[in-house]
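Student: Got a structure for you, written out below as structure tokens; questions coming shortly.
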Amino acid sequence: MSQLPKPDPQALRAKYPDVFERPASARLATPLMLLAAFAVLAFGLFDLGFSPSRLVSGLRELGWITLMMIPPDPGSSLPTYLSALGETLSIALLGTTLAACMALPVSLLAARNIIPSAIFRFPVRRFLDSIRGVDTLIWALVWINVVGLGPFAGVLAIAVSDFGAFGKLFSEAIEAADKKQVEGIRASGGSTLHEIRFGLLPQVLPVIAGQVLYYIESNTRSATIIGIVGAGGIGLQLAEQIRVLEWQKVSFLILMILIAVAVIDWISTKLRFAIIGQRAVA
Amino acid sequence: MATGVSILPAQQLAALNDAYRKAVARKRLKTMMAGAVFFGALVVAGIGAEVNLRTLFTYFGNFVSYFDRILTLDSGQRVWTDVGEWFWGWQKWLKLLAETILISYVGTLIGAVFAFALNFFTAQNTSPGPWLRFIVRRLLEFARTVPGIVFALVFVIAFGLGPMAGVLAIAVHSTGALGKLFSEIVENADMKPVEGIRSTGASWLSCMRFAVLPQVSAGYASYALLRFEINVREASVMGFVGAGGIGQELVVAIRKFYYSDVSAILVTIIVTVFVIDITTGWLRAKLFGKEARA
């Protein structure tokens, strides 16, 4: 083996000054930023009433709760829980579909390539943003005031809050669509509606279908929690059992939710691939 | 019409047309069947969720008038005619809002630290062993799938009412969500620097520190910022179950029909979410710019 010549540090230093002598601002930026972040963290922990003794006693309590959760056991209320789960899935499916139906026309109004005028687009976008800024649980509370307690309020809450999200996502999908096909329709004498129907929708629909499926999946999760404020579904049961400290039932319900979400996840992944495959063939 | 440009003989054209119709008909049938199945599922779901269109039509006016009511002061005037009266509790609300933001900040940071500590174990290319990877993965999946507010419900009982339960709930949920995203970044990282460092005889820890971390840190920061934005929304409802923040005030206002308070608090939350959206969006654009330059 031949020996490599020993590198001369002095020469290297002279050759690459920006590696060896970085300015102080560049060297200190990351540590200072981290320091600031953790200083705010420390202030937050103090301000929010964290204390080691509370943490330890809380963790001990949590350990107890976990022990009491084993084994999961529904008692005699299994049929109730199954129907509540069905209710939750129904809420997710209906709410998402309703939201998608409402969002499609509005998203056309928010897309740059359909409505070129910013004055008209801007209010539509801000309107969608403000709907998205309000959490699903808050919408659920509002709808309970309107149509009363029950799963129907949950459907409407999911529909409204997803309407904001879909409006944004769909309009982005429309903006990303290829212009050439639209121009082709226009060149053959199609009207604006023809352009949208034959030039835009065939490109956009598979993307939208994929997003809707993904949202059905994520709404299964949201639908489990809106029950906590009284809008039906399995969340209602869960909140009740937690309040009366029936931990075995709680763990059973959580297991049910996990399994349901996993199953929906699996189905929607299969369907999504089927749709994308169809698109590649078409 | 299109007949003007036809250049094929009629017989050939008819055969082609036939084949085309057949191909389209098969596709149409498939689409229609899928549509029918979907519609059937909707009907079943409609029965399951006790959808009653009559209720909706009877009470839809209520929904519209609800917004009318929350935009009206007790004196019967529109809220924006007297902003001082509308935001009468702004001092209290701003304090609670600050608490909400602090809850999501602390929760996100704790979650990010845990996700950071765990993600090298779960990424396929850096994990020290398949068993460890499997266990940590399942743990993260659990933390991610159980909704944050369910954790909050349990933590309120274990740690007592107050923001501490909210922070911990957000931290657990963020650990799950960020752990997955972080490990995906690591899986996309270039492995050549790792080999280079390992060839010098470095330990696993040094490999992670000097080969993987410089590649992934900008992505980490970006995802953590995105999570912070989501968590602000989540923290605004933590108060519904007694876990601190502005949600407590909101739920009281909604349940007790303090109409103008509802709109005032909602406006406060929406404006805050906007500001945080824009700020984190700007920060993330800067971070990604930095990554592209390096």
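Student: In sequence order, what are the phi-derived ³J(HN,Hα) couplings for segment B:89-95 according to the Karplus relation 6.51 cos²θ - 1.76 cosθ + 1.60 with θ = phi - 60°, rounded to whole Hz, with x for glycine and proline?
Tutor: x, 4, 5, 5, 5, 4, 5
Student: Going by Cα centres, segment A:131-161 and segment B:142-195 are how many Å apart?
Tutor: Taking the Cα centre of each part, segment A:131-161 and segment B:142-195 sit 26 Å apart.
Student: Okay, moving on. In debye, nearest 20: dipole of the protein assembly as shown around its Cα centre with unit charges on the Cβ of K, R (+) and D, E (-)?
Tutor: 1460
Student: Shape verdict for chain A, please, from the Cα gyration tensor: rounded (a/c under 1.5), prolate (a/b greater than b/c) or oblate.
Tutor: Judged from the Cα gyration tensor, chain A comes out oblate (a/c at least 1.5, b/c at or above a/b).
Student: When Lys and Arg each count +1 and Asp and Glu each count -1, what net charge do the other residues less than 15 Å away from A:I119, Cβ to Cβ, add up to?
Tutor: +4
Student: Right, something else. Assign one of three labels to chain B, namely rounded, prolate or oblate, based on the Cα gyration tensor with a ≥ b ≥ c the square roots of its eigenvalues; rounded applies when a/c is under 1.5, prolate when it is not and a/b is larger than b/c, and oblate otherwise.
Tutor: Taking the square roots of the gyration eigenvalues as a ≥ b ≥ c, chain B is oblate.
Student: Remind me, relative contact order of segment B:188-294 in percent, using alpha carbon pairs under 8 angstrom and six or more residues apart?
Tutor: This gives 23 percent for segment B:188-294.
Student: What is the distance, in nm, between label points placed 7 Å from the Cα along the Cα-to-Cβ direction at A:L4 and at B:E85?
Tutor: Placing both labels 7 Å along Cα→Cβ, they lie 8.0 nm apart.
Student: If one computes P(r) from the Cα atoms of segment A:206-282, what percent of pairs lie at distances over 20 Å?
Tutor: Cα-Cα pairs in segment A:206-282 separated by more than 20 Å: 44 percent.
Student: What average count of beta carbons from other chains do you get within 10 Å of the Cβ of residues in A:144-156?
Tutor: For this peptide, the per-residue mean of nearby foreign Cβ atoms is 5.
Student: Next up: Charges at C-beta only: +1 for Lys and Arg, -1 for Asp and Glu. How large is the resulting dipole of segment B:8-151 about its Cα centre, in Debye rounded to 20?
Tutor: Roughly 960 debye for segment B:8-151.
Student: Among B:V186, B:M238, B:I103, pick out the residue whose Cα is farthest towards the positive end of the charge dipole of segment B:84-293, where Lys and Arg carry +1 and Asp and Glu carry -1 on C-beta, about the Cα centre.
Tutor: Checked the options; the winner is B:V186.
Student: Taking every pair of distinct Cα atoms and averaging 1/r, then inverting, what Kirkwood hydrodynamic radius in Å comes out for the protein assembly as shown?
Tutor: For the protein assembly as shown, the Kirkwood estimate is 27.1 Å.
Student: Could you tell me the distance between the Cα centroids of segment B:204-262 and segment A:165-188, to the nearest Å?
Tutor: Result: 34 Å between the Cα centres.
Student: Let me ask something else. Find the lysine pairs in chain A meeting two conditions, Cα atoms under 28 Å apart and a separation of 8 or more places or different chains, and report how many there are.
Tutor: So the count works out to 4.
Student: Looking only at other chains, what is the average number of their beta-carbon atoms within 10 angstrom of each beta-carbon in A:36-42?
Tutor: Whole-number average of other-chain Cβ neighbours for A:36-42 is 3.
Student: May I pose another question? Using the Cβ atoms and a cut-off under 13 Å, what net charge is assigned to the surroundings of A:W139, where Lys and Arg are +1 and Asp and Glu are -1?
Tutor: 0
Student: Please compute the average number of Cβ atoms from other chains found within 10 Å of each residue's Cβ in peptide B:151-160.
Tutor: Mean shielding by partner chains, rounded to a whole number: 6.
Student: Say we join alpha carbon atoms closer than 10 Å with springs in a Gaussian network model of chain B; which of B:G46, B:G162, B:G61 then has the biggest fluctuation?
Tutor: B:G46
Student: Less than 14 Å Cβ to Cβ from B:G35, Lys/Arg counted +1 and Asp/Glu -1: what total charge do the surrounding residues give?
Tutor: Here the charged neighbours net out to +3.
Student: Given a 10 angstrom Cα cut-off, can you work out which residue in B:M208, B:M32, B:M238 is the most mobile in a GNM of chain B?
Tutor: B:M32
Student: Under unit Cβ charges (Lys, Arg +1; Asp, Glu -1), what dipole magnitude, rounded to 20 debye, does segment B:84-293 have relative to its Cα centre?
Tutor: That gives a dipole near 360 debye.
Student: With just the Cα atoms defining each centre, how far is segment B:1-72 from segment A:1-37? Give it in Å.
Tutor: Answer, in whole Å: 64.
Read-outs: derived from the displayed coordinates by stated rules, not from any lab. These numbers were taken from a predicted model, which means no experiment stands behind them. Here Cβ is always computed from backbone atoms with ideal geometry, including for glycine, and neighbour counts include all displayed protein chains.
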